[in-house]
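Shown next, in structure tokens, is the structure this report addresses.
The values are calculated or read from the model by the stated rules, or taken from the named source; none is laboratory data. It should be emphasised that the depicted structure is a prediction, and the values quoted were computed from it without experimental measurement. Glycine also receives a Cβ, built like all others from the backbone with ideal geometry; neighbour counts cover every protein chain displayed.
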Amino acid sequence: MEAHILVVDDDAAIRDLVREYLAEHDYQVSVAETGAEMDKVLAADIVDLVILDLKLPDEDGLAIARRLRESLDIPIIILTGRKEEADRVMGLELGADDYVTKPFSQRELMARIKAVLRRTEGKRASRRENTVRAYRFSGWELNTGTRRLKAPDGKNVDLTNSEYALLVAFLRAPQKILSRDQLLESSRLHDDIYDRSIDVQILRLRRKVEDSPNQPKLIRTERGSGYYLDSPVETV
């Protein structure tokens with residue numbers, strides 16, 4: 001899933017600029033002018049990163065950073081003026097992941113966003129998995145609470161821990177090619193550290209979700225690159 005970024009800034013020009021730029025790079029973007037509006041977005045949807053201006057009209061940005069870190073542990077990039085060194089230091093001490101000084105270049109902001117998302121990918125995936133109750137794809141449904149996989153005909157299909165973890169890795173990134181290394185990392189199959197182990201796990205999973213494992217239509221092979229789930233995915 002593409003990351004959902006929330007931009008919190010009382011400057012409409014900056015909000016629009018950042019929103020349009022991030023949207024062009026396929027990020028999901030929400031904006032908020034105040035701390036109160038930010039809270040409404042956070043209550044309504046999963047947010048993967050907050051870009052936070054420290055000078056807001058209704059609430060001090062440092063106070064917002066503190067409560068975000070205490071309650072949700074969402075990655076934060078703070079926006080500050082060039083002369084606000086003390087605020088930058090305080091923001092980092094409160095747990096902000098990075099900062100950008102105004103005025104800033106869009107390319108620098110993008111680079112910092114990508115770096116923070118890479119560093120926090122594990123937490124992001126875990127947070128999304130804990131929030132998602134079920135994944136639905138091609139008539140199948142995987143309940144993340146019970147870890148039960150229900151087939152299109154309504155029958156339950158048993159999954160081992162490794163098969164469940166691997167399937168979730170695909171469901172988090174539908175129709176995206178995942179390399180063997182990415183599958184090892186995201187499915188946490190580190191007990192099988194050799195590369196071909198993923199191929200074995202893929203075969204076992206295909207036997208449970210494919211009508212014909214030798215001619216798969218769901219979990220497909222991209223020769224020389226890896227595997228991908230050839231289905232849209234709905235989360236509930």
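Some notes on this structure:
- Some residue of the stretch 78-92 being over 20 Å from residue 10 (Cα atoms), assigned by TED's automatic domain parsing to the domain that holds residue 19 and at pLDDT 85 or above: no
- Restricted to strands (runs of 3 or more DSSP E) entirely inside the stretch 1-106, those with at least 2 residues that are within 28 Å of residue 169 (Cα to Cα) and of a type in the set (A, V, I, L, M) are 4-8, 49-53, 76-81.
- Each residue in the stretch 31-64 was checked for being farther than 14 Å from residue 9 by Cα and either of a type in the set (Asp, Glu) or out of contact with any helix residue (DSSP H, G or I) (no Cβ under 7 Å at 6 or more places or on another chain) (or both), and 7 of them qualify.
- Residue in the stretch 179-194 that is modelled with the lowest pLDDT, counting only those that are within 15 Å of the chain's Cα centre (by Cα) and either outside any helix (DSSP H, G or I) or crowded, with 17+ Cβ neighbours inside 10 Å (or both): 187
- Pairs with Cβ under 9 Å, 6+ apart, first in the stretch 32-50 and in the same structural domain as residue 71 (by TED's automatic domain parsing), second acidic (Asp, Glu) and in a helix (DSSP H, G or I): 32/39
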